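Engineer: Below is the structure I would like to discuss, written out as structure tokens.
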Amino acid sequence: MSGHGSSNFQPNSKVVRWIDSRLPLFSLANEQAIEFPTPKNLNYMWTFGAILMFMLITMMVSGIVLAMHYAANTELAFDRVEHIMRNVNFGWLIRYIHAVGASMFFFAVYMHIARGIYYGSYKAPREVLWMLGVVILILMMATAFMGYVLPWGQMSFWGATVITNLFSAIPLVGPTIVEWLWGGFAVDNPTLNRFFALHYLLPFVILGVVILHIWALHISGNNNPTGVSVKSSKDTVPFHPYITIKDLFAMVLFMLLYAYFVFYIPNYLGHPDNYIQADPLVTPAHIVPEWYLLPFYAMLRAIPSKLGGVVVMFASLLILFVIPWLDTSRVRSAKYRPMFKIAFWVWVVACIALGWLGAQPAEGIYVLLARIGTAYYFLFFLILMPVIGLFETPKPVPNSISEAVLKGKSGLSHEDEAALRGSEKPAGSGDVRPDGAPAAPKKD
Amino acid sequence: MATTEHTDNTHGTTRRDFLFIATGAVGAVGVAGVAWPFIDQMNPDASTQALASIEVDISALATGESMTVMWRGRPIFIRRRTETEVQEAKDTPLSELRDPVARNPNLGGEEPATDVNRAAEGQEDLLVMIGICTHLGCVPLGQQGDYGGWFCPCHGSHYDTAGRIRKGPAPLNLEIPPYTFASESTLVIG
């Protein structure tokens, strides 16, 4: 990154200038978070990035507070959680913020990923940005799984047992690896203790990868609903205030939903068995992970072989790394891809169906349906993505973002209109400024 | 390059190359040496290993009864099987078994999973097994499932009356712990 602001950043304050010439924090903030050119047609699906940043910080703050009242010991853990709920001032609130927060975090990340797939955000030149996102997803899953073990309820214990046992499917070294993960011969105190340490560590690792993710984003710039690259400054608006305000508004709506869960149905997404202390002698009738891991759990159970099931489950995540190269279409946005659009929505249905099936007992029709869902999940990525790109005739793609916005025909949304109005007002005319000047109007 | 001035050997490798590789190799060994303690600390510690052996009094166990004890944090199923159960297990041809190996460390090697090889030596009605499903580690329920043995509710694995996997995702027969008899009615597990 360039040391000094190449833009028209001229701070008035002497102090700011003095600091900025030694450590260009102010230039960086100005370039990357204020003037940063952002496609003017971004819709509300683009607000989940900011929502996810908000969720990560919420989880870290509430989690650090909970850690101050918790004890990672099999003798104490279950009681300490109840201690937080009953004795610690506002402990109930902070714990529910954290527990519900995990669900909200995953809801937002799945929306964010689905948006990326629908609008082709994984395609060149954003492959590394996409892959960093997949790394974040996998880290989030590991963190969430270990966090769920900490209350040391029945689902904590048996979830941990089942998931760590996945590694025993590895030929030859599997059982050794599992004992190494446990620090014993079953899930026990050493396991709980190390999961707590890692659960505290991993969010900071996630934060590090998020910084890389944002860095990569700011190299290529945002994708947008048309999938057409930014051609000139006519296509963009400055990040602040246009995107900051839009993100904040979406965040408020998101927080309403979040608060509804925290205050009215805090245990709705949890499992009642986790309010029973862990008992290594009694397996609950149905072990189910939290809802956000259910589709993957359904895939694990759909395969009638232990190693096969484990391989398929991990492959369902790892396959995301290579989709930039599996998709052969040069058109990014599904808006202009009639066949891909259908395949995508069927994929969404398959994912939701797998989520539902993961919560059902592994028998009869459920297994068959889970197999169909799993088959489609992989069919979508491995066959449909490459093949549709070769045979599909895309609809005409607009020449530029502003053309798409101004035409107002091809699926112009309210958000597009809002973005359009936003860019017009300062110019004081009915048209976008034709010059190549920064879209950011100079403030008086 | 400056290196060529200091050496007669100008045909590729130099003293500097040798030193570079040798230093790098020593460094790599050093890193591995430091890494190992940090990896190995996660393995079962001495106090966990020390719990490796327990004694169980089975004198009160009547035919058709089971008991469960804890060994190394895992449930051990001890069952005095009924004659029907033993007979059913004996009548099952080995060709029908998913896992044809006895999984009995008390015998040593790769014995076939006959009922005799699964049961306690000299007491064919006595079955001692680790009560952990070989799929993903749940505790199976006794005297249930399609084969009247054990059934794992988690992912639907069925074991027969000798604890052998017959149906479902589990790959192996229920494991048998190492055990001996201190006396006729005292079992030493581990």
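Engineer: Mind checking which residues of segment B:151-176 are within 12 Å of chain A (Cβ to nearest Cβ), open to solvent by less than 10 Å² (accessible area, probe 1.4 Å) and at pLDDT 90 or above?
Structural biologist: B:I165
Engineer: Between residues in segment A:240-255 that are surrounded by 16 or more Cβ atoms within 10 Å (Cβ to Cβ) and residues that are among the hydroxyl-bearing types (S, T, Y), which pairs lie under 6 Å by C-beta distance while being six or more apart or on different chains?
Structural biologist: A:I243/A:T38; A:D247/A:T47; A:A250/A:Y44; A:A250/A:T47
Engineer: Quick one: which residue in A:V173, A:V135 is under 16 Å from the mean Cα position of the chain (by Cα) and either closer than 30 Å to A:A77 by Cα or away from chain B (no Cβ under 12 Å) (or both)?
Structural biologist: A:V135
Engineer: Anything in segment A:256-288 that is within 12 Å of chain B (Cβ to nearest Cβ) and open to solvent by less than 30 Å² (accessible area, probe 1.4 Å)? List them, or say none.
Structural biologist: Scanning segment A:256-288 gives A:A278, A:T283, A:P284, A:I287, A:V288.
Engineer: Now for a separate question. Within segment A:12-32, can one find any residue that is in contact (Cβ under 8 Å) with a residue 60 or more places away in the chain and either touching a His at 6+ places or on another chain (Cβ under 7 Å) or part of a helix (DSSP H, G or I) (or both)?
Structural biologist: Taking every residue of segment A:12-32 in turn, at least one turns out to be in contact (Cβ under 8 Å) with a residue 60 or more places away in the chain and either touching a His at 6+ places or on another chain (Cβ under 7 Å) or part of a helix (DSSP H, G or I) (or both).
Engineer: Turning to a different aspect of this structure: Mind checking whether some residue in segment A:214-236 is under 30 Å from B:V139 (Cβ atoms) and surrounded by fewer than 21 Cβ atoms within 10 Å (Cβ to Cβ)?
Structural biologist: No, segment A:214-236 has no match at all.
Engineer: What are the residue pairs meeting all of these: first residue in segment A:321-349, first residue under 18 Å from A:K395 (Cα atoms) and assigned to a helix (DSSP H, G or I), second residue open to solvent by less than 30 Å² (accessible area, probe 1.4 Å) and of a type in the set (V, I, T), Cβ atoms under 8 Å, and 6 or more apart or on different chains?
Structural biologist: Cβ pairs passing all conditions: A:K335/A:T226; A:Y336/A:T226; A:M339/A:I388; A:F340/A:I388; A:A343/A:I388; A:F344/A:I117.
Engineer: What are the residues in segment A:169-188 that are crowded, with 18+ Cβ neighbours inside 10 Å and touching a residue at least 60 places away in the same chain (Cβ under 8 Å), if any?
Structural biologist: A:A169, A:A186, A:V187, A:D188
Engineer: Of the residues that sit in segment A:191-213 and are surrounded by fewer than 21 Cβ atoms within 10 Å (Cβ to Cβ) and within 13 Å of another protein chain (Cβ to nearest Cβ), which one is nearest to A:G133 (Cα to Cα)?
Structural biologist: Filtering first and then ranking leaves A:L198.
Engineer: Exactly one of these conditions fails for B:Q143: (1) at negative phi; (2) away from chain A (no Cβ under 12 Å). Give me its number.
Structural biologist: Of (1) at negative phi; (2) away from chain A (no Cβ under 12 Å), only one is false for B:Q143: (1).
Engineer: Right, here's the next one. Report whether or not B:R103 is crowded, with 19+ Cβ neighbours inside 10 Å, at positive phi and within 11 Å of chain A (Cβ to nearest Cβ).
Structural biologist: no
Engineer: Those residues that are surrounded by 16 or more Cβ atoms within 10 Å (Cβ to Cβ) and farther than 22 Å from A:L320 by Cβ, I need them from segment A:369-398; list them, please.
Structural biologist: Within segment A:369-398, A:L369, A:P394, A:V397, A:P398 meet the criteria.
Engineer: Provide a single number: the residues in segment A:78-103 that are in contact (Cβ under 8 Å) with a residue 40 or more places away in the chain and open to solvent by less than 10 Å² (accessible area, probe 1.4 Å).
Structural biologist: Number of matching residues: 3.
Engineer: Please state which one of A:V162, A:V178 is in contact with a helix residue (DSSP H, G or I) (Cβ under 7 Å, 6 or more places away or on another chain), closer than 21 Å to A:L300 by Cβ, hydrophobic (A, V, I, L, M, F, W, C) and facing another protein chain (nearest Cβ under 10 Å).
Structural biologist: A:V178
Engineer: Let me ask something else about it. Looking only at segment A:342-368, which residues are more than 21 Å from the chain's Cα centre (by Cα) and surrounded by fewer than 18 Cβ atoms within 10 Å (Cβ to Cβ)?
Structural biologist: A:I342, A:A359, A:P361, A:E363, A:G364, A:I365, A:L368 - these are the residues of segment A:342-368 that are more than 21 Å from the chain's Cα centre (by Cα) and surrounded by fewer than 18 Cβ atoms within 10 Å (Cβ to Cβ).
Engineer: Taking the condition assigned to a helix (DSSP H, G or I), open to solvent by less than 60 Å² (accessible area, probe 1.4 Å) and either within 14 Å of chain B (Cβ to nearest Cβ) or at pLDDT 95 or above (or both), does A:F296 pass?
Structural biologist: yes
Engineer: What is the number of the single condition among (1) crowded, with 17+ Cβ neighbours inside 10 Å; (2) out of contact with any Phe, Trp or Tyr (no Cβ under 6 Å at 6 or more places or on another chain); (3) assigned to a loop (DSSP other than H, G, I, E, B) that A:A72 does not meet?
Structural biologist: (2)
Engineer: Let me ask you something else. Collect the residues in segment B:52-83 that are open to solvent by 60 Å² or more (accessible area, probe 1.4 Å) and at the interface with chain A (Cβ under 9 Å from one of its Cβ atoms), keeping them in residue-number order.
Structural biologist: B:T68, B:M70, B:R72
The values are calculated or read from the model by the stated rules, or taken from the named source; none is laboratory data. Just so it is clear, the model here is predicted, and its values are computed rather than measured. Every residue, glycine as well, gets a Cβ built from its backbone with ideal geometry; the counts of neighbours run over all protein chains shown. The protein model used for the area step is the full one, side chains on, heavy atoms only, and it has no ligands, DNA or RNA in it. Shrake-Rupley method; radii C 1.70, N 1.55, O 1.52, S 1.80 Å.
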